[in-house]
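Quick notes on the structure that follows.
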Amino acid sequence: MPRRVPELEYGNDVVLGRVSHSGEVKWKNQDIFISKIVAHEVLGLRLFNERYLQLCFGPVVVGWVDGYRHQFHRPWKSLHDFHIPTGSATSYPLLRRSRKVSPMSPV
């Protein structure tokens, strides 16, 4: 077991930014709120196009930053916004809409 957790690795096309204690990261002199959960962590910002940046925590895409509006967006807001590229929701059992279940159900 290592004494320290190794630093996350990012590619050469990623700009690193440390999240403030209040959960914000700076981009073009603007504070963008991400989350207090990642306070003091280093996140990677990868330019996607002239407007959007991909926000990464190591190899994991955390979400997107709108460089024009200076807003953070999660990869999808809800399961209904999730785009399945091929097949249907029945091909992906974990992505199927669940049926309403009674709060008294043992499930």
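One table, with the values for the structure above:
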item	result
Selected from Phe48, Val14, Phe33, residue furthest toward positive end of dipole (segment 5-53; charges at beta carbon)	Phe33
Relative intensity, log₁₀ I(q)/I(0), of segment 14-78 from a Debye sum that treats every alpha carbon as a point, q = 0.12, 0.17, 0.29 Å⁻¹	-0.24, -0.50, -1.52
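Each reported figure results from applying straightforward, stated rules to the coordinates on display, with no laboratory input. Source: prediction; values computed, not measured. All Cβ positions, glycine included, derive from the backbone under ideal geometry; neighbour counts span all protein chains shown.
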